[in-house]
Amino acid sequence: MTRVIAIANEKGGVAKTTTALSLGGALVALGYRVLLVDLDPQANLSLAMGCESHAGTKSFINLVMENLNLERALVKTEIQGLYLLPANKEIRFAERVLPIRPEYRTLLRNIIAQEKSYDFVLIDCPPFIGTLTTNALTAANLLIIPTQAEYFSVYALRNMMSLIREVRSKGNPALRYRLLVTLFDKRNRIHRTLYSHLRQTFIGGVLDSIIEVDTKLRESVIAGVPINHLAGKSRAAMQYDFLAQEIIQYVKE
Ligand SMILES: Nc1ncnc2c1ncn2[C@@H]1O[C@H](COP(=O)(O)OP(=O)(O)OP(=O)(O)O)[C@@H](O)[C@H]1O
Ligand SMILES: [Mg+2]
């Protein structure tokens with residue numbers, strides 16, 4: 001059974017893309033087949049993996065507009081068991097052209113359902129709330145919201161909570177969410193305070209896994225590989241592995 005996980009936050013730079021790549025790598029290392037879906041017009045994930053610039057790259061929007069099968073757009077990565085549905089420049093038009101269609105919220109869900117061989121589908125969302133993010137959340141069993149333990153990041157969660165309510169009432173009543181604290185610096189008093197504030201506010205809604213600041217993660221996105229392929233023994237690799245195990249446990253329950 002395929003588990004679909006959307007990774008979204010309208011706040012930019014909170015490690016959505018980094019988490020998609022390195023959680024994907026950690027799940028593959030544990031023996032699962034993983035599809036990464038890049039829904040961001042910035043195409044950071046696709047660029048990192050070296051496939052945005054190829055002529056003929058198809059993205060979610062091309063599959064919809066040209067009525068193509070998911071298979072037509074899939075890219076096999078250098079890592080066995082890890083696949084990518086890339087983004088390209090055209091994907092930005094989704095915000096304008098899709099909402100005029102009836103049932104536009106379920107387009108991605110229907111595309112993902114065409115291929116049943118994946119254990120996990122991880123969707124990297126753009127840093128804004130719109131049609132693309134709504135499609136991701138409507139397709140998802142679980143939403144991971146990466147967030148920094150910073151004042152404005154915590155504030156931005158309000159909008160994510162209203163989006164979750166909207167998606168639940170319009171087509172995906174079973175959507176669950178979990179916050180993931182990223183870019184954490186345990187020597188920083190504000191980080192520690194806001195982290196306990198988050199745990200008190202979102203009782204049970206915060207993952208036990210925390211991703212601390214680690215420059216190796218910057219290098220891994222540049223190299224276009226998950227952290228466990230770049231620096232398998234680093235703290236960040238261990239933390240993403242712990243996250244993968246927590247997600248697997250969560251899915252089993
Ligand atoms: N734990 C970490 N430690 C250090 N740097 C990190 C960590 N996680 C992510 N970064 C860096 O922070 C920056 C933002 O990360 P990333 O691109 O994953 O965020 P994003 O939420 O996808 O951003 P956007 O909203 O633009 O899509 C990148 O330069 C990335 O390499
Ligand atoms: Mg990103």
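The values are calculated or read from the model by the stated rules, or taken from the named source; none is laboratory data. Keep in mind it's a predicted model, so treat the numbers as computed, not measured. With ideal geometry, Cβ positions are generated from the backbone for all residues, glycine too; neighbour counts draw on all protein chains shown. The accessibility values were calculated without ligands, DNA or RNA, using every heavy atom of the protein model including side chains. Shrake-Rupley method; radii C 1.70, N 1.55, O 1.52, S 1.80 Å.
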* For the chain, what is the calculated [θ] at 222 nm in deg cm²/dmol (nearest 500), taking -39500 (n - 2.57) for each run of four or more DSSP H residues and dividing by its residue count? -> -12500 deg cm²/dmol
* To do: May I ask what percent, to the nearest 5, of DSSP beta bridges between residues of the range 3-252 are antiparallel?
  => 5 percent
* **Candidates Leu30, Leu179, Leu132, ranked by Gaussian network fluctuation over the chain, Cα under 10 Å, top entry** => Leu30
* To do: Taking only Cα atoms and a 10 Å spring cutoff, compute GNM fluctuations for the chain and point out the largest among Asn88, Asn141, Asn188.
  => Asn188
* To do: Might you tell me the accessible area per residue for the chain, computed with a 1.4 Å probe and given in Å²?
  => 47 Å²
* Structure fact -> Once Ala223 and Ser169 are pulled to full extension, the length gained, defined as 0.36 nm per residue separation minus their Cα-Cα distance, is 15.4 nm
* Structure fact -> Sorted list, accessible surface of protein heavy atoms, 1.4 Å probe, largest first, for Lys233, Lys170, Lys16 is Lys233, Lys170, Lys16
* For the modelled label position 7 Å from the Cα of Gln114 along Cα-to-Cβ, which residues of the range 64-78 have backbone nitrogen atoms closer than 14 Å? -> 64-75
* Structure fact -> the range 12-52 and the range 59-74 have their Cα centres apart by a whole-number Å value of 19 Å
* To do: Name the residue farthest towards the positive end of the dipole of the range 3-252 from the options Thr106, Leu30, Leu157, assuming +1 on Cβ of Lys and Arg, -1 on Cβ of Asp and Glu, about the Cα centre.
  => Leu157
* Please tell me the relative contact order of the range 138-213 in percent, rounded to the nearest whole number, where contacts are Cα pairs under 8 Å and at least six residues apart. => 38 percent
* To do: With all protein chains present, calculate the accessible area of Val64 using a 1.4 Å probe and round the result to the nearest 10 Å².
  => 20 Å²
* Name all residues of the range 206-240 having a backbone nitrogen under 13 Å from the label point set 7 Å from the Cα of Met161 along its Cα→Cβ direction, giving them as ranges. => 206
* Report the calculated FRET efficiency for Lys76 and Arg176 (r = Cβ-Cβ distance, R0 = 45 Å), to the nearest 0.05. => 0.90
* Arg235-Ile190 FRET efficiency (beta carbon distance; Förster radius 25 Å; 0.05 resolution) -> 0.75
* **Value of relative contact order over the chain, rounded to a whole percent, pairs C-alpha under 8 Å and six or more apart** => 27 percent
* To do: Starting from the Cα of Leu30, move 7 Å in the Cα-to-Cβ direction to define the label point; list residues of the range 105-122 whose amide nitrogen is under 17 Å from there.
  => 118-122
